[in-house]
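In what follows, a structure is listed as structure tokens, so that the remarks can point back to it.
The values are calculated or read from the model by the stated rules, or taken from the named source; none is laboratory data. Quick caveat: nothing in here was measured; it's all calculated off a predicted structure. Positions of Cβ are backbone-derived with ideal geometry, glycine not excepted, and every protein chain shown enters the neighbour counts. We work out accessible area using only protein heavy atoms, side chains counted, and drop any ligands, DNA or RNA first. Shrake-Rupley method; radii C 1.70, N 1.55, O 1.52, S 1.80 Å.
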Amino acid sequence: MHKCKITNKKIPEVINFGKMPIANGFLKKKDFKKEFFYNMSVSFSEEMSLLQLNEHPKPTAMFNKNYPFFTSSSEFMKKHFERYANWVNSKYLKNNGKIIEIGSNDGTFLKNFLNSNIDHIGFEPSKNVSQIAKKNKINSINDFFSIKNIGKAENFIGKTDVISGANVVCHIPNLIEFIKTCDLFLNKNGKIIFEEPYLGSMYSKTSYDQIYDEHIFIFSISSIYKIFKEFDFELIDAIPQITHGGSMRYVIERKKNKTNNKIKSLIEREKIKNINSLKGAIDFGVKCKLSKEKLINNIYKIKKRGRKICGYGATSKSTTILNYCNIGSDVIECIFDTTQNKIGKYSPGMHIPIINYKKFSKEFFDYSFLFAWNHKKEIEKKESKYLKKGGKWITHL
Ligand code: SAH
Ligand code: TYD
């Protein structure tokens, strides 16, 4: 039995994905021998409606001087963060207000506040991306958002209007400390606003590749409501987002004990769909196994016909698919990607070479596994010649 990271009570395991490497740990050949692995399994807390990893690497093993994910690697995401910033600004920030971003990465979100009277600061533990942000005039603190680091943003203590984030709160193992840190920074009417991959979307697509070391939690609306309630905070809005294959934006404030009919009915809807119950998690586990069998069958059928297969988008998500389904470079010859930090290296665990995306149009592969399926529109537009040449995009979904 494992323990819930919020209640500390025993909770049942629902899926075991087996041995996994660090999802973003793209590596050189010389480092294959010392590659780190852990057992990746998830449990579900019915009390908290919360799906969570049982074991994971230490945050410093994942977020350090060489983090290879850059928010700005997608044009669509750049626009998304511009719209997100404008929305936060117009709805929740006053003149001369203060905003903190957690996981500010290369500054894609915060840069939208540069030419305004809003005072900003970002907490970003990964040095390489934090430095890019600093070069672009973002006030980026190269450290984790945690109680021990609040002194690094002294001017924001008790005065912050908004603490915002995206794809980062689910990365924080100690959510209780996270909420206490928010409590110290926020002013009386302050808001916590973040968007994260949504459990309901993952269930409906069987997109189990959302589960990897960094995603310690996959949140439901019910889980966010319950977790924050424990600490006198209240979920006041939840807004679906199309990003990352289906996310949810949450708005939270200090408890005012007002009835919120929207949240009430969203939680009811999750009940009906079994998103907040153990049954939903167990059903998802069964679907993951079926999805794995189907993918292995399909991909070996293609291979037996002598067709060539490559991957497109060396995502963290691909690490889960490739390692769970045990697919190596004998099947998927290489993965094309735009990221300089990944090109020339090998994929975690299965060691498939990562190649510059510019070479994709030069060599023909009958099938391309779109690991960055959440960027389908952007990538298919960019590589529109591929279909005309007779190529086919495939995914596990
Ligand atoms: N918000 C960006 C980046 C997401 S990747 C986007 O949505 O594109 C997650 C980022 O959070 C990484 O840059 C990582 O270094 C950072 N991070 C991880 N744990 C953190 C913590 N405890 N505090 C602040 N940032 C953290
Ligand atoms: P994303 O789904 O954001 O990654 P993750 O699963 O790690 O959260 O995909 C980002 C990866 O996809 C990154 O390695 C860059 C790559 N990519 C391309 O190669 N071409 C593109 O046009 C886009 C948008 C992304």
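Apart from one condition, Val286 fits all of (1) free of Cβ contacts under 8 Å to residues at least 40 places away in the same chain; (2) under 19 Å from Tyr212 (Cα atoms); (3) open to solvent by less than 60 Å² (accessible area, probe 1.4 Å); the exception is (3).
Looking for something within 21 Å of the chain's Cα centre (by Cα) and within 25 Å of Lys79 (Cβ to Cβ) - is there at least one such residue anywhere in region 348-360? The answer is no, given that none of the residues of region 348-360 is within 21 Å of the chain's Cα centre (by Cα) and within 25 Å of Lys79 (Cβ to Cβ). Within region 310-321, residues that are under 11 Å from His396 (Cβ atoms) and part of a helix (DSSP H, G or I) sit with their Cβ atoms under 7 Å from residues that are away from ligand 1 (no atom under 15 Å from the Cβ) and among the small types (Gly, Ala, Ser), at 6+ positions apart or across chains, in these pairs: Ser318/Gly311; Ser318/Ser347. Residues of region 151-198 that are more than 24 Å from Thr7 (Cβ to Cβ), acidic (Asp, Glu) and either in contact (Cβ under 8 Å) with a residue 24 or more places away in the chain or within 13 Å of ligand 1 (Cβ to nearest atom) (or both): Asp161, Glu195. Among the residues making up region 186-198, those that are crowded, with 21+ Cβ neighbours inside 10 Å and either over 16 Å from the mean Cα position of the chain (by Cα) or hydrophobic (A, V, I, L, M, F, W, C) (or both) are Leu186, Gly190, Lys191, Ile192, Ile193, Phe194. Of all residues in region 22-57, those satisfying the criterion of being under 30 Å from Ile355 (Cα atoms), open to solvent by 60 Å² or more (accessible area, probe 1.4 Å) and in a loop (DSSP other than H, G, I, E, B) are Lys28, Phe36. Listed by first and then second residue, the pairs with beta-carbon distance under 6 Å, at least 6 apart or on different chains, first residue in region 124-135 and buried (at least 23 other Cβ atoms within 10 Å of the Cβ), second assigned to a helix (DSSP H, G or I) and at pLDDT 95 or above, are Glu124/Ser130. Among the numbered conditions (1) touching a residue at least 24 places away in the same chain (Cβ under 8 Å); (2) within 8 Å of ligand 1 (Cβ to nearest atom), tell me where Ala85 comes up short. Failing condition for Ala85: (2). The number of residues in region 15-45 that are farther than 14 Å from Tyr212 by Cα and either of a type in the set (S, T, N, Q) or in contact with a Ser or Thr (Cβ under 6 Å, 6 or more places away or on another chain) (or both) comes to 1. Kindly list the number of the only condition in (1) open to solvent by less than 30 Å² (accessible area, probe 1.4 Å); (2) more than 12 Å from ligand 1 (Cβ to nearest atom); (3) within 27 Å of Pro21 (Cα to Cα); (4) in contact (Cβ under 8 Å) with a residue 60 or more places away in the chain that fails for Ser201. Condition (4) is where Ser201 drops out.
Phe360 is checked against (1) touching a Phe, Trp or Tyr at 6+ places or on another chain (Cβ under 9 Å); (2) open to solvent by 20 Å² or more (accessible area, probe 1.4 Å) and fails just one. What number does that condition carry? So the condition that Phe360 fails would be (2). In region 162-278, counting only strands (runs of 3 or more DSSP E) that sit wholly within it, the ones holding 2 or more residues that are of a type in the set (Lys, Arg) span 186-197, 247-254.
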